[in-house]
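Worksheet for the structure shown next.
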Amino acid sequence: DMLFKFGTERFYGAQADPIAAVTADKYADHLRGMLGYMVNVLGEDSDSVSLHTLVPSSDRDGVIPAFNYTQWLVKERQIAVRTELLVLRSILYCAKFLYHDRSQIVVGSGDRPYADIAVVRELRALINSRRKASKVAPRVSDEAAKWLDYPAYLAMTRELKRETGCLKEVASGEVVRRSDKDIAWSLQKYLIFSILACVPDRQRTLRELKLGRTLFKEGDAYVIRHKPDDYKTGKAYGERAPLYISRSLTHALDEFIGTYRLALEPTHDFVFTQSNGQPLTDKSLYKVFWTTSYRLSGKRLTPHYVRDVVVTHLRSQENASERDLEALAIYMGHSIAIQKSTYDRRSLNEKVQPAVKLLESLQGLGE
C-alpha cells in the first residue's frame with residue numbers, strides 16, 4: 001500500500017510526477033513475480049522476504065538480485081527483451097520508493113530524479129542497455145501462431161455477431177430461446193472484438209468504459225472521450241481526440257447496455273463485466289479474447305495485437321499517405337516513430353517492396 005501511494009500520489013520531496021494507478025499495479029505484479037522467484041527458486045523464507053529483499057541496499061551492489069532475476073527470466077522463461085525492460089522498470093520503481101529519502105537532488109536543478117542513489121543509477125544503466133538491445137531484438141514468441149490479418153479479423157467479428165442470436169438448437173433438434181445471460185455474454189464478446197476493430201486502443205479503454213464518464217451517446221453513435229488520466233500516454237498528449245465507435249454497433253450497444261447487461265449481474269458501473277459480475281481485469285479480458293479468437297480462428301490473439309493488425313494493414317496499403325499514418329498514430333495515442341517501430345509487423349521484405357517497385361520503374365528511363 002505504501003509503494004502504491006508513493007507512486008500514484010504527490011508528496012513533499014517527490015522528484016517525479018505521479019504515475020497512473022494501472023501502471024503502479026503492473027509494476028507491483030512484476031515485483032510479486034520476483035518475490036516468488038526468491039521463495040520458490042532461491043529458497044528464501046516466505047515469511048522474511050520483502051521489498052528490501054529485491055533491492056537490499058542503495059549501493060551499486062543493490063542491483064545484483066535484479067540482475068540475477070532478469071538473467072534467470074531470460075534463460076529459463078525465454079522472456080523477450082521488451083518484457084525484461086518492464087521488469088527492470090518495476091524494480092527501479094521499487095528502488096526509488098525504498099531509498100528516496102536518501103536523495104539530495106534538487107528538483108529543477110537539471111539532475112535526473114534520484115540520480116545520487118547508486119542503485120538507481122545502476123538500474124538505469126541496465127535499462128538503457130536493454131533498451132538499445134530491444135531495438136534490434138527479434139520477437140521471442142511465434143508470430144505465425146497468433147497473427148491474423150485485418151480482413152480475417154473482421155470475418156471473426158461477423159461470426160461473433162451471428163452468435164448473438166436469441167435461438168439455439170438443442171440435442172433433441174428442438175430450437176429453443178437462449179437465456180438472457182447467454183445472449184449477454186455473446187453480445188459482450190461481439191462488442192469487445194468489434195469496438196477494437198474501429199477503435200484499436202489499449203485494453204484498458206475497454207475495461208474502464210463507463211457510460212457518462214468515458215462513453216457517451218451522441219446522436220446515433222457512441223463516442224469514447226478520454227481525459228489525460230484515462231489513457232496510458234495522457235501525460236504526453238493531454239486531452240485526447242474523441243474515439244468514434246462505428247454506427248453499425250450502436251444498436252448492439254443499446255441492446256447490451258439497456259437490456260442484456262443486467263443479466264450478468266454486474267457489481268459495478270463499468271460497461272463490460274466478467275461472467276461473475278466483477279469488473280474486467282487485464283487477465284480476465286485477455287482470457288476472453290484469446291480463447292474466443294482461438295476457437296474461431298486457431299490464433300491466440302490478445303487485445304493489444306489488434307493495434308498491430310490495424311497498423312500493419314494500413315501501412316501495407318499503397319494509398320495510405322504519411323499524413324494518414326500520422327493521423328492514425330495520434331488517434332491511437334502514440335508517435336509515428338512508435339507506430340513504425342512497435343506496431344508495424346510487416347517483414348523487412350514487405351517493407352522494402354515499394355522501393356523495389358520504384359527502382360524497377362527507373363530502369364526504363366535509360367531505354
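Some points to look at:
- Residue count for segment 204-230 satisfying the condition of being over 18 Å from residue 282 (Cβ atoms) and among the charged types (D, E, K, R): 6.
- Scanning segment 13-48 for residues that are open to solvent by 60 Å² or more (accessible area, probe 1.4 Å), outside any helix (DSSP H, G or I) and under 18 Å from residue 98 (Cβ atoms) yields 44, 48.
- Filter result for the condition that a residue is modelled with pLDDT of 95 or more, open to solvent by 20 Å² or more (accessible area, probe 1.4 Å) and aliphatic (A, V, I, L, M), over 327, 263: 263
- Flag for residue 219 being farther than 25 Å from residue 183 by Cβ and small (Gly, Ala, Ser): yes
- Within segment 49-67, the set of residues being in a helix (DSSP H, G or I) and under 13 Å from residue 122 (Cβ atoms) comprises 60, 61, 62, 63, 64, 65, 66, 67.
- Among strands (runs of 3 or more DSSP E) entirely within segment 132-245, having at least 3 residues that are modelled with pLDDT of 85 or more singles out 215-218, 221-224.
- Residue within segment 211-223 that is open to solvent by less than 50 Å² (accessible area, probe 1.4 Å) and of a type in the set (Val, Ile, Thr) present: yes
- The set of residues from segment 78-87 being open to solvent by 20 Å² or more (accessible area, probe 1.4 Å) and over 13 Å from residue 34 (Cα atoms) comprises 78, 79, 80, 81, 82, 83.
- Search result, residues across segment 5-21 that are touching a helix residue (DSSP H, G or I) at 6+ places or on another chain (Cβ under 6 Å) and at pLDDT below 90: 19, 21
- Some residue of segment 226-244 being more than 22 Å from residue 296 (Cβ to Cβ) and over 20 Å from the mean Cα position of the chain (by Cα): no
- Of all residues in segment 2-12, those satisfying the criterion of being under 28 Å from residue 202 (Cα atoms) and open to solvent by 50 Å² or more (accessible area, probe 1.4 Å) are 2, 4, 5, 9, 10.
- Residue match in segment 228-244 (condition: free of Cβ contacts under 8 Å to residues at least 60 places away in the same chain, of a type in the set (Phe, Trp, Tyr) and open to solvent by 30 Å² or more (accessible area, probe 1.4 Å)): yes
- Residue, surrounded by the most Cβ atoms within 10 Å (Cβ to Cβ), within segment 156-193, restricted to residues that are closer than 14 Å to residue 301 by Cα and not aromatic (Phe, Trp, Tyr): 192
- Within segment 109-130, residues that are under 14 Å from residue 87 (Cα atoms) and touching a residue at least 24 places away in the same chain (Cβ under 8 Å) reach partners that are open to solvent by 60 Å² or more (accessible area, probe 1.4 Å) and not aromatic (Phe, Trp, Tyr) with beta carbons closer than 7 Å, at six or more positions or on different chains, in the pairs 127/89.
- Index of the failed condition, residue 202 passing every other in (1) farther than 26 Å from residue 267 by Cα; (2) touching a helix residue (DSSP H, G or I) at 6+ places or on another chain (Cβ under 8 Å); (3) not acidic (Asp, Glu): (1)
- Residues of segment 268-285 that turn out to be in contact with a strand residue (DSSP E or B) (Cβ under 8 Å, 6 or more places away or on another chain), of a type outside the set (A, V, I, L, M) and part of a loop (DSSP other than H, G, I, E, B), as a count: 3
- Flag if residue 120 is closer than 15 Å to residue 15 by Cβ, β-branched (Val, Ile, Thr) and within 28 Å of the chain's Cα centre (by Cα): yes
- Residue check for residue 51: closer than 20 Å to residue 24 by Cα and open to solvent by 20 Å² or more (accessible area, probe 1.4 Å): yes
- Scanning segment 88-114 for residues that are among the hydrophobic types (A, V, I, L, M, F, W, C) and surrounded by 14 or more Cβ atoms within 10 Å (Cβ to Cβ) turns up 88, 91, 92, 94, 95, 97, 98, 105.
- Any hit, segment 34-49, residues being of a type in the set (A, V, I, L, M, F, W, C), at pLDDT below 95 and in contact with a helix residue (DSSP H, G or I) (Cβ under 7 Å, 6 or more places away or on another chain): no
- Restricting segment 286-307 to residues that are part of a helix (DSSP H, G or I) and of a type in the set (D, E, K, R) leaves a set whose member that is surrounded by the fewest Cβ atoms within 10 Å (Cβ to Cβ) is 295.
The values are calculated or read from the model by the stated rules, or taken from the named source; none is laboratory data. Predicted, not measured: the structure shown is a model, and the values here were computed from it. Methodologically, a virtual Cβ is constructed for each residue, glycine included, from the backbone with ideal geometry; neighbour enumeration extends over all protein chains shown. Quick note on the areas: whole protein, heavy atoms, side chains included, nothing else; ligands and nucleic acids left out. Shrake-Rupley method; radii C 1.70, N 1.55, O 1.52, S 1.80 Å.
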